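Novice: Quick one: structure below, then a few questions.
Only the coordinates and a few stated rules stand behind these numbers; no lab work does. This is a predicted model, so every value here is computed, not measured. Neighbour counts run over all protein chains shown; Cβ positions are idealised from the backbone, glycine included.
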Amino acid sequence: MKKNKFTEFLKGKGYYMLLFVGVVAIAAVAIIGSQLSAKQEQPGNELVDINDVDDNIAAQDDSNELAENNPISEGIVNNVGDASSDVAANDDSANMTADEGNGQEYANNEDMIEMEGYEEDNVANPSLAETDGNSEVAATEEDAQETGSGAVKNEATETVENLTFNSEDGLMWPVVGNVIMNYSMDHTIYFATLMQYKCNPAIIIDAEVGTEVKSAATGVVTSVDRSNAETGITVTMDIGDGYSVVYGQLSEDMALEVGDLVNEGDVIATVSEPTKYYSVEGSNLYFMVKEGDQTINPMLLLR
């Protein structure tokens, strides 16, 4: 009877329930065991062996000794600096030393160049090899040239300073003839050759070709113009006190030069053929008077 009941039990649902309960129990035991192992492995739950303390101290001492023997390692161990910065500093020191050496060598080379520079300069620039005597001769020649070119000007300047002109005494007529064109700067007058009206800064005196032109006052020649297309050969004289006179339409045989002193009444030239600007008006003397830089009417001074 018992065997039949056990057999029936195994065949029934109760067997499977017992089997399930056993499996669950085994799984629970396994989970609990794994949790206990994990707790033991945490840092706070580690078991420290007393014998291991000496080993740790020894290891620390060894690392300190290595750091003291090697500055770069010491910096790394103590977190003081980086090895690369120390290496860069050493490189900079080496470069500075090299630069100082090069600079000293360059300075020495400059000293040698300065010591030998006199001969090199003399070869490269012959002008530096001139003696003091040659330099003085050259300077004297230059002074002589300057003096020669300016001698006439200096003489003329000194003579002009001694000139005086009295406007009340007036000017001598340079030629005898009719005034065919008057001075006119405040309004225009007609120029027959040009067939136009314009101002006239001088007077045009009718005169035959070859008529002698006399100096209207004592003066010094300050300008000789032989290329004036309008007035032909033209001479300017300073007569003193800021006054000057201009003679135009002169002949080619006019022999005056800058610096010549001409007395009142002296013949300075003769009248030439008129230029193309005065072909209709005919031969004439172009006569202009200036006070400073301004032209004035010659008729106010001619006596």
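Novice: Quick check for me: using +1 on Lys/Arg Cβ and -1 on Asp/Glu Cβ, what's the dipole size of the stretch 179-300 about its Cα centre, in debye to the nearest 20?
Specialist: 380 debye
Novice: Then there's this: Taking θ as phi - 60°, what are the ³J(HN,Hα) couplings along the stretch 213-226 by the Karplus curve (6.51, -1.76, 1.60), each to the nearest whole Hz, with x for Gly and Pro?
Specialist: 9, 9, 6, 6, 7, 5, x, 10, 5, 10, 7, 10, 10, 9
Novice: Still on this model: To make sure I understand, if each residue's beta carbon is the centre and we count other beta carbons within 10 Å, what order do Thr193, Thr211 fall in, fewest to most?
Specialist: Thr193, Thr211
Novice: Lys and Arg at +1, Asp and Glu at -1: add these up for the other residues within a Cβ distance under 12 Å of Leu256 and post the number.
Specialist: Working: positive: Arg226; negative: Asp225, Asp253, Glu257, Asp260, Asp266.
So the surrounding residues net to -4.
Novice: Then there's this: Using amide H atoms built 1.01 Å from N in the peptide plane, name the residues 5+ places from Ile233, or on other chains, whose amide H lies under 5 Å from its own.
Specialist: Distant-sequence amide H within range of Ile233: Gln249, Leu250.
Novice: In terms of the Cα gyration tensor, with a ≥ b ≥ c the square roots of its eigenvalues, is the stretch 179-300 rounded because a/c is under 1.5, prolate because a/b exceeds b/c, or oblate?
Specialist: Working: a/c = 1.93, a/b = 1.26, b/c = 1.53.
Judged from the Cα gyration tensor, the stretch 179-300 comes out oblate (a/c at least 1.5, b/c at or above a/b).
Novice: Further question: In the neighborhood of Asn228, defined by Cβ-to-Cβ distances under 14 Å, what is the net charge if each Lys or Arg adds +1 and each Asp or Glu adds -1?
Specialist: So the environment of Asn228 carries a net charge of -1.
Novice: Quick one: which residues, 5+ away or cross-chain, put their amide H under 5 Å from the amide H of Thr211? H built at 1.01 Å from N.
Specialist: Answer set, sorted by chain and number: Val271.
Novice: Full-extension gain between Arg303 and Ala229, please, as 0.36 nm times their residue separation minus the C-alpha to C-alpha distance.
Specialist: So the chain would gain 23.6 nm between Arg303 and Ala229.
Novice: Right, something else. What's the exposure ranking of Val245, Val24, going from fewest to most Cβ atoms within 10 Å?
Specialist: Values: Val245 22, Val24 10.
Lowest to highest Cβ neighbour count: Val24, Val245.
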